[in-house]
Amino acid sequence: KEVDRVEDRSECLMGAIARAQKYKAKEETALIDQLARAGCTTQADCTRNLVAAADFEANSGRATRALAFLKTAIEKDTTNDALAERAASQAANLGMHREAADFYKRLAERYPDRPDFKTALSREERAVATSTIHLPSH
């Protein structure tokens, strides 16, 4: 296992994942999980690993897994609004309107001068309201 003997484990894993994707190797998902869990010494390194994992998942058509990695990155780097915006958009595209609305609400509160966040928040809240299942009361 070459990955266990290198100094920069993340870079090595990224290379291995890229090769696995190129050749459609079955180990790809396990390698991506290793990258997401790879040790990191700084918050920036941890965020970089998680975002790279999200990118690899998205490139392989696994948008739900990509979003999960983005959410973990946001938990570690709570001030990274670019990640929050990306997660909001991805959640909306997946039909996860409550999650998208939560991200857009945060962005709209942080950037009150950005009407696009307020518009997106309204759109996602409408989608939540219209997709809610109402069970008959007995």
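Figures for the structure shown
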| item | result |
| --- | --- |
| Gain on full stretching of the segment that runs from Arg123 to Asp45 - 0.36 nm per residue minus C-alpha separation | 24.7 nm |
| Linear extension gain, Glu11 paired with Ser89, 0.36 nm per residue minus alpha-carbon span | 25.3 nm |
| Cα-based convex hull, segment 5-138, per residue volume (Å³, whole number) | 144 |
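All of the numbers you see were taken from the coordinates with simple rules; none came from a lab. Note that the coordinates shown come from a computational prediction; the quantities given were computed from them, not determined experimentally.
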